[in-house]
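Reading through the structure tokens given below for one structure.
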Number of protein chains: 2
Amino acid sequence: MAKRKGSARGRGDKGLSYADAGVDLQSKDAFTESLDSVMRRTFSSRVIPNPGGFAGLFRLDFNEKLFRRNYKDPVLVACADGVGTKVRLAVDLQRYDTVGIDLVAMNINDMIVQGAEPLFFLDYIAVGKVDPHMLGAIVRGVAEGCRRAGCALLGGETAEMAGMYQGRDFDLAGFAVGVVELDRAVRPLRVEVGDVVLGLASDGVHSNGYSLVRKIVAAADLDLSRAHTELGPSAPASRRGRRSRSATGAPTLGDVLLTPTRIYASPIMRLMRGYRVKKVISGMAHITGSGLAGNLCRALNPRVDALVRRSSWSVPPIFRFLQERGGVDDEEMRRVFNMGIGYCVIVKPAFAKAAAQTLARFGERVSVIGEIVKGRGEVREIE
Amino acid sequence: MAKRKGSARGRGDKGLSYADAGVDLQSKDAFTESLDSVMRRTFSSRVIPNPGGFAGLFRLDFNEKLFRRNYKDPVLVACADGVGTKVRLAVDLQRYDTVGIDLVAMNINDMIVQGAEPLFFLDYIAVGKVDPHMLGAIVRGVAEGCRRAGCALLGGETAEMAGMYQGRDFDLAGFAVGVVELDRAVRPLRVEVGDVVLGLASDGVHSNGYSLVRKIVAAADLDLSRAHTELGPSAPASRRGRRSRSATGAPTLGDVLLTPTRIYASPIMRLMRGYRVKKVISGMAHITGSGLAGNLCRALNPRVDALVRRSSWSVPPIFRFLQERGGVDDEEMRRVFNMGIGYCVIVKPAFAKAAAQTLARFGERVSVIGEIVKGRGEVREIE
């Protein structure tokens, strides 16, 4: 493990100093050290201890025999992503323990689309001023996300940017690295006519469209702390986690909007491991910014279309709620939000039922939402 | 190559839309596509094309025989870092082509400390509003940094965070991955009494201490566009790059302060490759936030101290300039700034001269700045 770094250090007592410039190093260093144990809890034996080091060390083939059996031509898969303006909602609600999970989810869900096994994650947190309580909650969220994704939180950077971020504003970026055997990497060429599109339910809005969400909240003067009975079913009890509850037991609007993005790594890895020889999965898509059509098309090749039946899954109530309050049209809703499907798996027809059952057994709500037809790389949605 | 992503997408024409919420997707998508060719120029044949993909693919053992000869037990080395408030100086000067180089430098210099060969890099750029000119310049800087470091720019995220970043403010984070053979990873245990500390000259302030720099500039009411003859020698002509020049030929204060962080990957890799069997390098340190002492100590083990002679290198004029204008004391200067040494290499005494010559041959200005003595893991500075 590398030392968790801070980009601003040093403390002086005469003339101008870093403390004068708004950078308080003592509270930052104390925070930095308290994070070590949080990070360590995500470590497997593949992480090589590197106290005080400048970078994190991750052994590629800890279990050498197993690794060599599974990987003849290993390909590293990497991506970078942030949480977008969902962080501002966290600031408004002063709830910092969930956006770290979102951060891991946005990266890991992108990464597993290529069929990759998650290895490790690093975060970047930028704040105007270090508040150990707030940053501790953020990093605990990141560590919880890594635990759910089965990867190590190998390192991170906390940047204190005096004067750049106002008040409690902060920004989050994350980076994930995984590995896939070249021959097993999921690529668009595999998708064929007749394949079945499985949709995995989202846990609500996830981490896209929050500029619009916040605009609707402001324009319709919505109270984030108000409970709404009709928003209840959007997050089943088993997925609720540690959210605050209103007196009636109904979730508040803030609760629902801050629900963390679902991490699909575990069920997808289990599905892939179940079919080591057969290539049952021909394509996958993480439904992120641009909605279902805008992302599912990235899994297609120019010879096929995906025909998606909108009536084949139920849209969680939060989306109708936002649409009504904001007067947003249908097209725009589908272009900005996931509308209830967070991840798609395109499978060979003979294995569709078994794959859906496997995913359901590992906790997913799965719907057959469409099929692959002859076409030119587009997603066609019908009612 | 993965599609360069944007975290905010979708465009509507009725009711509230993403465009209303301050997110202009058309200009963003155009920008996104223009970046592909910039990224591609950094690619080696180890990068696997993945147009439209959700993540970048990097083949670990493209040249299988060579990889297997060099790597029996490969360890991935990864780190995350930002540029700190140097980005605000770039905004003040409206010069966006250098901070991308800083971003790569801050990460790669941390990574090579472990002896790792750089493989790939990913960036995260957050802006209030996409300005294709500005973002293009930033990404070209990142690509130039990757070229200097010999790594691929495998992916990146451009996040449009309406309402979060004011005016032209932006933030940058980066993430680097490299590989090192476990047995050859540079770890503090190797450092022994008698080893020699080589100091590699910095290209000025690099990317640390800019909160203090900006405070000094504001407090002393300094004009960034004014040329200062006495700042000339801080950046020799060969290192100046494309900086603007004043009429007299002397660099402006802005020029000197925006000089990109030096990337030490190439000379360090060449030095390491020159000694494949002998372990000539016993420790290294990137002189980042906390100054020389604060970083060199991270290369030591508890049985040794580093005795550093301050008179053994010349401090670039920008540091005296800042110190005088800001009335900053000596201790604080050394705690915040690199004071002219950007990277340290601790070598076995028998090879010190040859190592210094090798580094000099590849363009570094090298000084013997100290030696390893019996101690307890501290850096002791003498005049």
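The values are calculated or read from the model by the stated rules, or taken from the named source; none is laboratory data. This one's a predicted model, so the numbers in the text were calculated from it and none came from an experiment. A quick note on method: Cβ atoms are made from the backbone with ideal geometry, for glycine too, and the neighbour counts reach across all protein chains shown. Calculation scope for accessible area: heavy atoms of the full protein, side chains included, ligands and nucleic acids excluded. Shrake-Rupley method; radii C 1.70, N 1.55, O 1.52, S 1.80 Å.
Scanning the range B:320-332 for residues that are in a helix (DSSP H, G or I) and within 22 Å of residue B:297 (Cβ to Cβ) gives B:330, B:331, B:332. In contact with a helix residue (DSSP H, G or I) (Cβ under 9 Å, 6 or more places away or on another chain) and open to solvent by 10 Å² or more (accessible area, probe 1.4 Å) - does that describe any residue in the range B:170-179? No, the conditions are met nowhere in the range B:170-179. Just one of the listed residues (A:290, A:314, A:282) is among the hydroxyl-bearing types (Ser, Thr, Tyr), open to solvent by 20 Å² or more (accessible area, probe 1.4 Å) and more than 13 Å from chain B (Cβ to nearest Cβ), namely A:314. If you check A:364, A:324 for being within 22 Å of residue A:232 (Cα to Cα), crowded, with 21+ Cβ neighbours inside 10 Å and among the acidic types (Asp, Glu), only one passes: A:364.
Out of curiosity, is residue A:293 part of a helix (DSSP H, G or I) and aliphatic (A, V, I, L, M)?
yes
Checked against (1) open to solvent by less than 20 Å² (accessible area, probe 1.4 Å); (2) at pLDDT 70 or above, residue B:67 passes all but condition (1). Checking each residue in the range A:263-281 for being over 18 Å from residue A:106 (Cα atoms) and in contact with a Pro (Cβ under 9 Å, 6 or more places away or on another chain) picks out no residue at all. Taking the criterion of being open to solvent by 10 Å² or more (accessible area, probe 1.4 Å) and facing chain B (nearest Cβ under 10 Å), would at least one residue in the range A:122-144 satisfy it? Looking through the range A:122-144, none of the residues is open to solvent by 10 Å² or more (accessible area, probe 1.4 Å) and facing chain B (nearest Cβ under 10 Å). Whether any residue in the range A:86-95 is acidic (Asp, Glu), away from every other protein chain (no Cβ under 11 Å) and open to solvent by 10 Å² or more (accessible area, probe 1.4 Å) is what I want to check. Yes, the range A:86-95 contains at least one residue that is acidic (Asp, Glu), away from every other protein chain (no Cβ under 11 Å) and open to solvent by 10 Å² or more (accessible area, probe 1.4 Å).
Assess whether residue A:84 counts as being under 30 Å from residue A:278 (Cα atoms) and either part of a loop (DSSP other than H, G, I, E, B) or among the acidic types (Asp, Glu) (or both). So residue A:84 fails the test. In the range B:145-162, which residues are within 10 Å of chain A (Cβ to nearest Cβ), under 20 Å from residue B:88 (Cβ atoms) and either modelled with pLDDT of 95 or more or in contact with an Asp or Glu (Cβ under 6 Å, 6 or more places away or on another chain) (or both)? Listed by number, the list is empty, since nothing qualifies.
Results for (1) under 24 Å from residue A:54 (Cα atoms); (2) in the same structural domain as residue B:282 (by TED's automatic domain parsing); (3) touching a helix residue (DSSP H, G or I) at 6+ places or on another chain (Cβ under 8 Å), shown as yes or no for each residue.
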site: B:312; (1), (2), (3): no, yes, no
site: B:321; (1), (2), (3): no, yes, yes
site: B:335; (1), (2), (3): yes, yes, yes
site: B:340; (1), (2), (3): yes, yes, yes
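Within the range B:195-228, being part of a helix (DSSP H, G or I) and closer than 16 Å to residue B:337 by Cβ holds for B:210, B:211, B:212, B:213, B:214, B:215, B:216, B:217. Mind listing whichever residues of the range B:180-199 are acidic (Asp, Glu) and surrounded by 19 or more Cβ atoms within 10 Å (Cβ to Cβ)? Of everything in the range B:180-199, just one residue is acidic (Asp, Glu) and surrounded by 19 or more Cβ atoms within 10 Å (Cβ to Cβ), namely B:195. Residue check: residue B:117 meets all listed conditions (1) acidic (Asp, Glu); (2) crowded, with 24+ Cβ neighbours inside 10 Å; (3) under 30 Å from residue B:300 (Cα atoms) but one, namely (2).
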